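Read through the structure below, which is laid out as structure tokens, and then see the notes.
Any read-out appearing in this document is the output of simple, stated calculations on the displayed coordinates, not a laboratory observation. Note that the coordinates shown come from a computational prediction; the quantities given were computed from them, not determined experimentally. Here Cβ is always computed from backbone atoms with ideal geometry, including for glycine, and neighbour counts include all displayed protein chains.
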Amino acid sequence: MNDASLVPSEALPLGFRFAAVKAGIKPSGKPDFAVAVADTPASAAAMFTGNRVVAAPIIVGRKHLSRSAGHVRVVAVNAGNANCATGQIGIAACEQVCAAAAETFHCEGHEVFPSSTGIIGVPLPAEKPIAALPEVAASLAAIPERFSQFARAIMTTDTKPKIAYATINVDGKPVRIAGVCKGAGMIHPQLVPHATMLVYLFTDAAIEPGALDTLLRQSVETSFNRISIDGDTSTNDTVLLLASGASGVSIDAANAAFLAALKNVCISLAKQIVDDGEGITHVVELQIEGAATDRDALTVAKAIAHSPLVKTAWAGSDPNWGRLMAAAGYSGVALDPGRISIWFGTQQICKDGGRVADFDEAAAHAYLKQREFTIRMNLGIGDGTCRFWTTDLTAEYVRINADYST
């Protein structure tokens with residue numbers, strides 16, 4: 001598994017073509033309309049935001065997946081406008097884009113999967129992506145450069161494209177997985193049957209939609225549902241997995257090698273989102289151990305990751321471990337403060353609920369000055385564990401989001 005701005009030709013999944021153009025939606029004038037086309041209807045599985053306020057493309061996308069029995073020919077993604085909180089006008093605009101894409105690429109309207117990202121509450125100018133479709137059709141290609149352009153066109157406040165890929169061998173034949181995503185702020189995905197997180201995963205394995213759904217859920221739970229930048233859950237969060245079958249290799253939900261590769265691609269993309277967080281200076285891996293259950297460990301991780309006091313301490317490389325204790329305490333899970341131990345990397349800071357006798361504050365401060373560091377907390381009451389990735393909270397994050405719509 002690797003991540004890079006350009007996927008090697010041999011690692012790009014067969015059966016898909018990609019394109020990205022300037023439709024004039026982004027004020028910057030940068031590419032803002034990305035399209036992926038499957039040569040034949042691809043099996044599809046998707047997860048969407050847990051936010052009860054959802055964007056028009058999620059409403060339409062769910063309907064299309066249901067009507068097509070989990071098959072997709074075209075993925076159409078616009079950036080610069082979330083098409084959320086736009087009422088019936090927004091749904092109509094989304095459906096217009098889908099209908100035009102279906103006509104352009106000779107498929108049914110319900111075989112088009114739409115996505116949007118950008119500012120909320122502004123009507124989507126459907127005429128702009130529709131007018132760009134002929135250019136999309138002319139530039140479609142199954143080459144790494146187009147895949148990379150797809151990744152760049154979906155960016156909003158991202159500073160770099162996010163790509164990951166993997167290849168496994170099944171009975172002597174290669175099976176490829178590649179994914180792109182965007183996201184740098186408004187990141188605390190809560191994906192259910194779940195600036196916005198959009199993820200598009202492609203494989204040339206032959207997988208039925210039901211099995212694809214099982215594989216996707218298992219992969220999302222340990223990756224995209226284990227990250228947070230600011231604790232906000234977007235209205236547009238989407239993870240879509242497509243399987244073209246072009247490799248000629250059939251995969252079922254019990255294939256451990258494929259699942260491992262898919263999880264690795266998802267974890268890479270999730271960590272790239274965290275690393276590109278708006279205004280961040282630190283990427284933090286939380287390792288919570290010794291909880292009563294895995295779910296309790298996750299609850300503690302989220303309490304720590306969402307605490308402004310904890311996150312601002314990290315911004316200043318301040319080894320204020322008491323804030324970690326406080327967050328764990330108000331998380332609501334069962335715990336005994338006298339059993340908690342904490343490590344910054346390999347340096348133990350807290351033992352049995354109190355500061356260790358040989359606590360070296362200078363060494364702890366130096367460790368937290370690294371861009372990436374690990375904090376381990378053992379609750380000492382069970383076998384529950386969780387690995388979670390998050391960031392600090394800086395003045396630059398405030399500046400970016402204070403000025404976002406203006």
Check each of the trypsin sites (Lys or Arg not before Pro) in the stretch 1-91 and keep only those in coil by DSSP with at most 10 other C-beta atoms within 10 angstrom; list them in order.
-> 52
What nm distance separates the two modelled labels at residue 339 and residue 9, each placed 7 Å from Cα along Cα→Cβ?
-> 5.9
For the chain, whose charge dipole is built from +1 on Lys and Arg Cβ atoms and -1 on Asp and Glu Cβ atoms, the candidate among 174, 133, 65 with its Cα farthest towards the positive end is 133
Among 159, 235, 390, 222, what is the fewest-to-most ranking by other Cβ atoms within 10 Å?
-> 159, 222, 235, 390
List every residue whose amide H lies under 5 Å from the amide H of residue 356, counting only residues 5 or more places away in sequence or on a different chain, with H placed 1.01 Å from N in the peptide plane.
-> 350, 351
Beyond 42 Å, what percent of the Cα pairs of the chain remain?
-> 15
Do the alpha carbons of any pairs in 160/351; 22/311; 22/162; 26/173; 160/311 sit beyond 31 Å of each other, and which pairs?
-> 160/351; 22/311; 26/173
State the answer as a single residue: which of 333, 305, 397 lies farthest towards the positive end of the charge dipole of the stretch 283-402, with beta carbon charges of +1 for Lys and Arg and -1 for Asp and Glu, about the Cα centre.
-> 397
Could you list 165, 367 in order of exposure, starting from the residue whose Cβ has the fewest other Cβ atoms within 10 Å?
-> 367, 165
Enumerate the residues in the stretch 313-337 having an amide nitrogen under 14 Å from the point lying 7 Å beyond the Cα of residue 356 toward its Cβ.
-> 321
Gain in span if fully extended, residue 170 to residue 108, counting 0.36 nm per residue against the direct Cα distance | 19.0 nm
Evaluate Rg over Rh across the stretch 283-402, taking Cα atoms for both radii and Kirkwood's formula for Rh.
-> 0.97
Return 314, 321, 343 ranked ascending by Cβ neighbour count within 10 Å, so the fewest neighbours appear first.
-> 343, 321, 314
